[in-house]
Amino acid sequence: LIWEPMLYVGGPVLLITIFYFITCFLAFGFNQKHVAEAIAGENDKNAMQDVPCNPNAVMPEERVREMETAIGKWRMEMGFRDSNLTIASMARRMGVGQACLSKYIAQEHGSTFRVWLSNLRIEEAKRILVTHPEYNVETVAGECGFSSSSHFHRFFHQSTGMTPTEYRKSRIK
C-alpha cells in the first residue's frame, strides 16, 4: 500500500525532472559555443585592441598591411563560408578590434562589412559555378556562406546582372 502513493507522486515528479533535464540540455548544449565566444569576447576585449582606431584619422599604412595579411590568411582558410559570421566574430578571430576592422573595410574597400562579405562570397560563387557545374545553385549558395538561397539569388543578380544559372551558362560555353 505504501508503494502505490509513491508511484502516483514519484512517477510524475521523476518524469517532469527528466523532461526538464533534457530540455535544458538541448537548449544550453546547442548554444554553448556562443556562450563561450561571448565570455571570451568580454575577457579579451582590451587585449584585442593593441592599436586603438581613431575614427577621424586615416589608418596607418603599417596597420593596413597587418590587416591585409590577417584578412588574406582568413580568406585562404575560407572563413567567409561561415553563414553565422559577424564583424565581431571575425575581428575576434583576427585579434583586432571591431572598430579597426570596420574602419579598414570602409577605408580600403569603400563599403560596409556586410556588403564586402557578400562580394567575397559572390566571387567564390562565381568560381564554384564555373569549376563545379554538377553543383546545383542551392549547394553553391551554402558552400559560399549564404544562409538562404533567395538572398544569394537576389545579391548575385544585383552584383552581376544575371542569375546564377545564366552566369554558369554564359561562362561554360
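The values are calculated or read from the model by the stated rules, or taken from the named source; none is laboratory data. All figures in this text were calculated on a predicted structure; none of them were measured in a lab. Positions of Cβ are generated from backbone atoms using ideal geometry, with glycine treated the same way; all protein chains shown enter the neighbour counts. Side chains included, ligands, DNA and RNA excluded: accessible areas come from the protein's heavy atoms. Shrake-Rupley method; radii C 1.70, N 1.55, O 1.52, S 1.80 Å.
So how do 17-26, 83-92 stack up, highest first, on mean other-Cβ count within 10 Å?
83-92, 17-26
Taking 41 Å as R0, compute the FRET efficiency from the Cβ-Cβ separation of Glu108 and Thr165 and round it to 0.05.
It comes out at approximately 0.80.
So what are segment 51-161's ellipsoid semi-axes, whole angstrom, largest first, if each one is the square root of 5 times an eigenvalue of the alpha-carbon gyration tensor?
Over the Cα atoms of segment 51-161, the semi-axes work out to 28, 14, 12 Å.
Along each principal axis of its Cα atoms, how long is segment 106-161 end to end? Whole angstroms, biggest number first, please.
The principal-axis extents, from largest down, are 38, 21, 20 Å.
Probe 1.4 Å, all protein chains in place: accessible area of His157 in Å², nearest 10?
90 Å²
About its Cα centre, what dipole magnitude does segment 113-173 give when the only charges are +1 on Lys and Arg Cβ and -1 on Asp and Glu Cβ, stated in debye to the nearest 20?
Rounded to the nearest 20 debye, it is 200 debye.
Ignoring ligands, DNA and RNA, please state the percent of accessible area on segment 84-145 from carbon and sulfur, probe 1.4 Å.
50 percent
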